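First comes the structure, then the notes that go with it.
The values are calculated or read from the model by the stated rules, or taken from the named source; none is laboratory data. Bear in mind the structure is a predicted one, so any value in this text is a computation, not a measurement. Don't worry about glycine lacking a Cβ; one is built from the backbone with ideal geometry, like all the others, and counts go over all protein chains shown. Only protein heavy atoms, including side chains, enter the accessible area calculation; ligands, DNA and RNA are left aside. Shrake-Rupley method; radii C 1.70, N 1.55, O 1.52, S 1.80 Å.
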Amino acid sequence: MKTTIRIVTFLLITLLLLLAGCNLQKSNSEGEAPNGPPQTPSMPRFEGAPVALPVQKADANRPLPGVQIPGVAQPQRQGVQSQALPANRVALRILVIGPTAEDPGLQAWKAILDQLGAHYEVLLAASQELTSGVLEDTTGGRFQAILLASNNLAYEVSPGVFASAFTGDEWSRLWDYQRRYAVRSVSLYTFPGPGTPTVRFADPEDYCIRSVRPAGDEEVRTDNPATNPPGDPPPYPAVQMTLTPEGRGLFSYLNPSAVIPIQNAYTYPARLATAQESPGCLVQPLLRDSSNNVLGVFSRSADGRERIALTFASNPYLLHTQLLGYGLVRWATRGLFIGERRHILAVDVDDWGLESDWWDDTLQPGEPLRYRPQPFRISAVDAWSVYQQQRQLNATYPLSNGFMLNLAFNGRGVNTGVAASCNPGVSSGDPLSSLTKCLASRMRWVNHTRDHPSMDNITDPAALRFQIAENTRLANQLGLWYGSKTLKTGELSGLGWYRSPDPAPIVLPTLPSECPPIATPAGPGSDEPRKDFGLVCANSSLLDRARELGIRYIHGNYSVTSHKPPCPICGVALRPDLLMTPVWPTNIAYTVTNPAEATSFYNYIYAPGGQNPYWPRPLSYEEILEQETNLALYHLQTSASSHYFHQANLREYAPGRSLVFDYLNRLMEKYTSFYQIPVLNPSWDEIGEYVAERTNHTELLQAGLTAIWDRSTNQVIFTAPSGRSGVLFFTGAAQGQSTVYGGDTVSKVSLSAGQNLSFSYTPSE
Ligand SMILES: [Zn+2]
């Protein structure tokens, strides 16, 4: 029996402006700081305009195709079964099924699971058959949960012709497996139809929901082009989604009154099927739109399988995908899964004590770049206000309780000889230095080198040691709360991303001897933009000296391709015990001190006529904040790193206001509207350790960890591969070092090669 299904695949339209940060802008002049302290006689003009790198292209809407599923077998109609688990064994492993690698739903699942560090396999159903050998081996079931990219696995066989990637036999095999092992499934992008071959938009099975819109017009569009300014209404408004009481339980980490926008994803408003329409089906709504239509359901099929279906499209970059993904995985796995999730909010402010170029906000897009004649350095008044604004943020948004900035410290900029004072009006050789001593243990600091030189071509061991170790000595002398294991070099230099007098090679070097020469400060090529020559061209002398001096984590740049780790919460090992952890730039330039300057800079880059024109008109400050905090919220949910700002952004431009805290307040307002679990704010040494362990965890999984849940004894057994030891994170049971985050127990255990770890687990639901 052939069935026609209509499916709309709407792909990503999400703007991700990733910025190359800390570009060295060639010095125009070297200037004395007015009233500068003895140790800050002058400051090189470093760090310039970032460059926009949209990483994800918008995909055109696909046509509305018909889909054919040959020979779909309907699930057996039986009475609702007990939820008792069968006394058999399943591996703690998830199966993701999508038609092709390009399917946005499949990509959504992969992104969610990679962020968690989950244990999963992907079946590309258009090219791989679902055999019984895929699902079972001699020890039992190979999967604890099934995640479907869509309810029908439709894909484009040839232009304009769509088909389901599963045959009826494969659907039957999957359902039979789920029935026998009591394995749950979640289907993204589900058409609300009866699962019969008699209607035009049928689907393989009935999730007990029906479309509420007229046949042929079932979907709601929510298109909003990525270049539509944040303040302008979208051409198709978002569907506003809320949680039902059942949904609040399932997504217990979300704000119960969250209003979640579905934007850039086709949506099928639905209603629950009646008992006559879906005999034997138990269904509960999880998500509704503002008209009380159903957008997501739990349903138990007549043959006892437990399923969740969402009636809207997903992809890795959509907010609703990020908000819901964790809860879906947690439910599908019955609360026990390899991997874990935590939201880390980290914000670095670089160049404490130094002065920087100061943006001239009369500059218009298209004009040659120029700065004000005088540099900018924050005052003691600014610094004291920053401390107060930080406390105010904690008080205003309790989910940020304990949050503090990471101040990247350059010892050259601070006079250790002055007396400490918490009075910003103090008369001192350098009031900012006096106040720095006051804030020493009330703020948190990280090593940004003593003088902030470019470290691309400093190879002299003594010079390198001086930059790293002398900065630490000065920090200790000031009594700073200072991470001694983390290094952020000036301009994030020394990591194979540099200016060269040679044109960029077409093929990236594979050996250090092939690396192009490095431009000297005023020599040929010093005006060129920095290029990514790969980590093979990193300054090996810098890395060796850093490691000798106890540095374990060195900051890279997420905007540099070669700095991107292979998984979302991973670093890149540069030496044994030296891990590169990239950080996120922002579009609040290092040169700007107030909203007018921030807006002028932003539009100089992105407005029509700008360096990288992107928007159809200049943006306002509020729109810039909206856009930047949208990006930050995405990064907060999907990585474990910081965004970085610069000291000029800390100016108290109005009473109690600064660019950094405007951004943080807007971000926490947004976060709090969606979540009710706190953000975590570990120090950089702690972030580095965490990222190192998650990197290790990923490698352990790839090396072949086995994990079995024996439901006859309720025992879980992890077995490390024979050739590898490592750290394993998992959620749902307390073992080793365990913590509770968002109500979920997260454990971290160390396994030696071949070691077994066994514990008891009984699911609560
Ligand atoms: Zn810096």
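Worth pointing out:
- Filter result for Ser683 (surrounded by fewer than 20 Cβ atoms within 10 Å (Cβ to Cβ) and more than 30 Å from Gln389 (Cα to Cα)): no
- Applying a threshold of 6 Å to beta carbon distances and a minimum spacing of six or more residues, or different chains, the list of pairs starting in the stretch 348-361 at a residue that is part of a loop (DSSP other than H, G, I, E, B) and ending at one that is within 9 Å of the ligand (Cβ to nearest atom) reads Gly353/Asn410; Leu354/Asn410.
- Total residues in the stretch 394-416, condition in a helix (DSSP H, G or I) and within 16 Å of the ligand (Cβ to nearest atom): 3
- Residue count, the stretch 278-301 (criterion: assigned to a loop (DSSP other than H, G, I, E, B) and either in contact with a Gly (Cβ under 9 Å, 6 or more places away or on another chain) or not assigned by TED's automatic domain parsing to the domain that holds Trp109 (or both)): 3
- Looking across the stretch 642-662 at every residue that is in contact with a strand residue (DSSP E or B) (Cβ under 9 Å, 6 or more places away or on another chain) and in a helix (DSSP H, G or I), the one that is nearest to the ligand (Cβ to nearest atom) is identified as Gln647.
- Filter result for Val386 (at pLDDT 95 or above, open to solvent by 10 Å² or more (accessible area, probe 1.4 Å), outside any loop (DSSP other than H, G, I, E, B) and within 24 Å of Cys422 (Cβ to Cβ)): no
- If you go through the stretch 562-598 and keep only what is within 23 Å of Phe645 (Cβ to Cβ) and without any contact (Cβ under 8 Å) to a residue 40 or more places away in the chain, you end up with just Lys564.
- Residue that is nearest to Gln374 (Cα to Cα), among those in the stretch 541-595 that are within 16 Å of the ligand (Cβ to nearest atom) and small (Gly, Ala, Ser): Ala589
- The sole residue among Asp350, Asp303, Asp289 that is surrounded by fewer than 22 Cβ atoms within 10 Å (Cβ to Cβ) and over 22 Å from Leu95 (Cβ atoms) is Asp289.
- Qualifying position, being closer than 20 Å to Ser639 by Cβ and in contact with a strand residue (DSSP E or B) (Cβ under 8 Å, 6 or more places away or on another chain), among Leu667, Leu680: Leu680
- Residue within the stretch 479-495 that is polar (S, T, N, Q) and within 14 Å of Met455 (Cα to Cα) present: yes
- Among residues of the stretch 372-387 that are within 13 Å of Pro431 (Cβ to Cβ), those with a Cβ under 8 angstrom from a residue that is of a type in the set (Asp, Glu) and buried (at least 23 other Cβ atoms within 10 Å of the Cβ), sequence gap 6+ or separate chain, pair up as Arg377/Glu355.
- Residues of the stretch 441-460 that turn out to be open to solvent by less than 50 Å² (accessible area, probe 1.4 Å), away from the ligand (no atom under 16 Å from the Cβ) and out of contact with any strand residue (DSSP E or B) (no Cβ under 9 Å at 6 or more places or on another chain), as a count: 0
- Condition check for Ile468: within 16 Å of the ligand (Cβ to nearest atom) and closer than 25 Å to Glu686 by Cβ: yes
- Matching residues in the stretch 529-541 - criterion: being small (Gly, Ala, Ser) and surrounded by fewer than 24 Cβ atoms within 10 Å (Cβ to Cβ): Gly534, Ser540, Ser541
- Strands (runs of 3 or more DSSP E) contained in the stretch 186-266 and holding at least 3 residues surrounded by 22 or more Cβ atoms within 10 Å (Cβ to Cβ) and not polar (S, T, N, Q): 239-243
- Any chance Val592 is more than 30 Å from Gly117 (Cβ to Cβ) and touching a Leu at 6+ places or on another chain (Cβ under 9 Å): yes
- Gly304 satisfies every condition listed in (1) in a loop (DSSP other than H, G, I, E, B); (2) closer than 30 Å to Ile605 by Cα except (2).
- In a residue-by-residue description of the stretch 465-473, the property of being in a loop (DSSP other than H, G, I, E, B) and either open to solvent by less than 40 Å² (accessible area, probe 1.4 Å) or assigned by TED's automatic domain parsing to the domain that holds Val414 (or both) applies to no position.
- Restricted to strands (runs of 3 or more DSSP E) entirely inside the stretch 542-589, those with at least 2 residues that are within 16 Å of Trp684 (Cβ to Cβ) and open to solvent by less than 40 Å² (accessible area, probe 1.4 Å) are 553-557, 578-583.
- Verdict on Trp481 being within 26 Å of Ile687 (Cα to Cα), touching a strand residue (DSSP E or B) at 6+ places or on another chain (Cβ under 7 Å), within 16 Å of the ligand (Cβ to nearest atom) and of a type in the set (Phe, Trp, Tyr): no
- Filter result for the condition that a residue is at negative phi, in a loop (DSSP other than H, G, I, E, B), within 16 Å of the ligand (Cβ to nearest atom) and open to solvent by less than 50 Å² (accessible area, probe 1.4 Å), over Ser493, Ser526: Ser493
- Condition met for Pro424 (under 24 Å from Ile687 (Cβ atoms) and away from the ligand (no atom under 16 Å from the Cβ)): no
- Figure legend. Inter-residue proximity from the stretch 452-464: first residues in the same structural domain as Arg412 (by TED's automatic domain parsing) and over 12 Å from Ala546 (Cα atoms), second residues open to solvent by 60 Å² or more (accessible area, probe 1.4 Å) and part of a loop (DSSP other than H, G, I, E, B), beta-carbon distance below 8 Å, spacing 6+ or different chains. Indicated pairs: Ser454/Pro521; Asn457/Thr520.
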